[in-house]
Each structure stands twice: as C-alpha cells, then as structure tokens.
1. For segment 59-88, give me the residue count where each residue is part of a strand (DSSP E or B) and in contact with a Leu (Cβ under 8 Å, 6 or more places away or on another chain).
2. If you go through segment 73-121 one residue at a time, how many are of a type in the set (Ser, Thr, Tyr) and open to solvent by 10 Å² or more (accessible area, probe 1.4 Å)?
3. Tell me, please, whether a residue that is among the basic types (Lys, Arg), surrounded by 18 or more Cβ atoms within 10 Å (Cβ to Cβ) and over 18 Å from the mean Cα position of the chain (by Cα) can be found in segment 290-307.
4. Quick check on segment 144-171: of everything there that is in contact with a strand residue (DSSP E or B) (Cβ under 8 Å, 6 or more places away or on another chain), more than 17 Å from Leu35 (Cβ to Cβ) and not in a loop (DSSP other than H, G, I, E, B), which residue is modelled with the lowest pLDDT?
5. Under the condition of being closer than 16 Å to Glu117 by Cβ and β-branched (Val, Ile, Thr), which residue from segment 169-208 is most open to solvent (accessible area, probe 1.4 Å)?
6. Check segment 80-87 and report whether any residue there is of a type in the set (Asp, Glu), without any contact (Cβ under 8 Å) to a residue 60 or more places away in the chain and under 23 Å from Glu199 (Cα atoms).
7. Pick from segment 253-268 the residues that are within 21 Å of Asn106 (Cβ to Cβ) and surrounded by 18 or more Cβ atoms within 10 Å (Cβ to Cβ): which of them is farthest from the chain's Cα centre (by Cα)?
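The values are calculated or read from the model by the stated rules, or taken from the named source; none is laboratory data. These numbers come from a predicted model, not from an experiment. Backbone-built Cβ (ideal geometry, glycine too); neighbour counts: all protein chains shown. When the accessible area is computed, the model is the full protein with side chains, heavy atoms only, and any ligands, DNA or RNA have been set aside. Shrake-Rupley method; radii C 1.70, N 1.55, O 1.52, S 1.80 Å.
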Amino acid sequence: MSMKNWLCPWLALAVVWLWCMQLNAQEIAISYPGLSGESSTLWLAREGGFFKENGVDAKLIYMEGGRLSIQSLLSGHTQFMAGDAVSALSAVGAGADIVLLASAKNILPYVFAVAKEIRRIQDLKGKIVGVSQIGGRAGEIARMVVKNNGLDPDKDVIYLAVGGTVSRLAALAGGRVQAAPISQGMVPAAQQKGLNIIEVEPIPLIIDALWTTRKYAEDNPALIDRVVRSYVAAIAAVIKDRPKTLGALRKYMRTADTKTIESAYEGYANGLDRVPIPNDKAIQNTLEITYRIAPKLAGLDIRKYLYFGSIQRLRAEGFIDRLYK
C-alpha cells in the first residue's frame, strides 16, 4: 500500500473527529479581571481557535477585579476564572474551595505611574498612592515596592482605593493621587496623560492563572484536560505568533492604539512560562502578600490547592515540547 493510500483513511478519521468535537463542544464561561493584557493567554485560547479544537465552546466574560470573578465562580455562573493568586487565595481564607489549574505568567512587570513632580519612589513620602481596593493585589504590590525602597509602607504613604488600572490613571491625571502601580502595557497610556514612569524590579508573583472549584475539577476531569490543553497551546501561540496575539489584544483591550497594544504584548510575552507552573519564589511572594490580606491563611498548605495533573501529563507525553518545534 502506498503512503498516500495509507494516509487517506487516517486523515479522514481526523477530520471526522474534529468535526464531532466541534459539533459536541461543551459550553463553559470563563471570567477575566482586566483590560490591560494580563489575560492574553486566555484571549488567544479563544481567538486562536484552541478551545474550539479541543471541543470547548468558551464564553469569555470581563469582570473588573478579582472579587466579582470569585463570586461568579462560586455561584456557578462561570466555571473557570482567570486572574492572580492573591485574590483567589484570599477567597480560600474565607472558605472558598478553589484550585489552581495553570499559571502562564509568574513574574510581575509592574511600573509606577507618578505625577510630574515625582522622580523616584522615595519622593512618595507623604503622598497618596492610588490602588484598586484596600487590601487588593495592587495595594499590596505598592506596599512591597514602597518597603523595598526604604519607606515605611504603613506610615510614609497614604493609600486611596480608586478602582482598576484605567481608573487609577484617571485619578493620577486629575490630581487625586500622586502615584499608582500599573502594568507595563499601560505605559503608553500613562505617558499620553503627561505622567512620569518609574521602573521597578519585576516581582516573582502568580499573576495570570486559571482557576476552578475543586468540585468542578473532580466532576469534570476530561473537560479540565481539554481546557488546560487549550491554555497551554495558547501560551505557545502568544510566544510564537505575535500578529495573531496583537489582534486578540486589540479586541479585548478595547483600544486601537498601536503603542498601547504592542507595549502590552511585550510586557506579557516576556517571561511567560511554557510549562505553566509557578516557581517557588513566585509562590512565596504570593503567599506573603496573601497572608497580609487574609491572616487566616497563615500555615496554609498551598499544595492542597495546586491541581497540576493535566499540565504534568501534557509535559510527560511531550505535547508541550512539540508546540515549540
């Protein structure tokens, strides 16, 4: 039998299998918490067709901030959520039983947008720092940066809750606050408003992760495998296919500004983990911040909330390595 004749039946079967997967695609809803580009892997998993290829019909829903996403997940309105670990583990401290499936981005390339008169972090003494919410991730990151630059985070600065990144920039431009932590992707927008930018050393931290409830994971193991497979494939696409990723960013960031989109891509793609499992330092910093927000979590055994079986199987079978060949 010729190679052509041998391949034809298998190709036909593959086409039928893909058609059946798409016909019987399982519907799910996934929330994401921001418009700054930190959910790029999730966005590309949908826009790049990776969910569809794996028999998943994923509806992506924007919910500003982690708390709303967690409430939606626990109520069953969504089955998955993308977001950082600080918000998620804080919910664990309040009794939520949610698990971490994958974490594409485990380094935080944050910068500080500051008023024109601010030249360095030390100049923030006695000033107001805008954060999303008191006790939220942005506030705790601000505290960490302030502390690392020799100021007392409890006495030397004032924190004001003004909302997400876009709201923080508006508060800065309006003079309500003098500084705010923002993602790298929002630097062009900050500069357009005449604000200064202070670079800070990237912080190892779990910032773009995929979560679900333990019950949902245990009740739907095959679906979890397909969702994680789509997510891992999307990471590779972010790294390898810049044009397609920029298209997804343009759609979900709701902007046509080329500089903003490209800056968001560079900030996100730089340092992505091909195998989306956080390292020990990222876990340690995440727990340190979380303990401040939710003291009940002191002594938490983080391993009970890590659900990396799907990723480990994909790595063992060589799937992840093949994505980069």
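1. 5
2. Within segment 73-121, the first condition is being of a type in the set (Ser, Thr, Tyr), and the residues that meet it are 75, 78, 87, 90, 103, 110.
Still in the running and open to solvent by 10 Å² or more (accessible area, probe 1.4 Å): 75, 87, 90, 110.
Here the count works out to 4.
3. From segment 290-307, those among the basic types (Lys, Arg) are 292, 296, 303-304; that's our starting set.
Next, only the ones that are surrounded by 18 or more Cβ atoms within 10 Å (Cβ to Cβ) stay: none.
Among the residues of segment 290-307, not one is among the basic types (Lys, Arg), surrounded by 18 or more Cβ atoms within 10 Å (Cβ to Cβ) and over 18 Å from the mean Cα position of the chain (by Cα), which makes the answer no.
4. Met144
5. Step by step, filter segment 169-208, then rank; the result is Ile197.
6. Here is the first cut: in segment 80-87, the ones of a type in the set (Asp, Glu) are 84.
Next, from what is left, pick out any that are without any contact (Cβ under 8 Å) to a residue 60 or more places away in the chain: none.
No, segment 80-87 has no match at all.
7. Taking segment 253-268 as the starting set, the residues that turn out to be within 21 Å of Asn106 (Cβ to Cβ) are 263-268.
Cutting the leftovers down to surrounded by 18 or more Cβ atoms within 10 Å (Cβ to Cβ) gives us 263-265, 267-268.
Details: Ser263: 16, Ala264: 13, Tyr265: 13, Gly267: 12, Tyr268: 9 Å.
So the residue we want is Ser263.
So that you can scan it fast, the table gives a plain yes or no per residue for (1) in a loop (DSSP other than H, G, I, E, B); (2) modelled with pLDDT of 90 or more; (3) in contact with a Gly (Cβ under 7 Å, 6 or more places away or on another chain); (4) within 27 Å of Gln122 (Cα to Cα):
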position	(1), (2), (3), (4)
Met186	no, no, no, yes
Ile198	no, yes, no, yes
Leu205	no, no, no, yes
Leu223	no, yes, no, no
Thr245	no, yes, no, no
Thr255	yes, no, no, no
Glu262	no, yes, no, no
Lys281	no, yes, no, yes
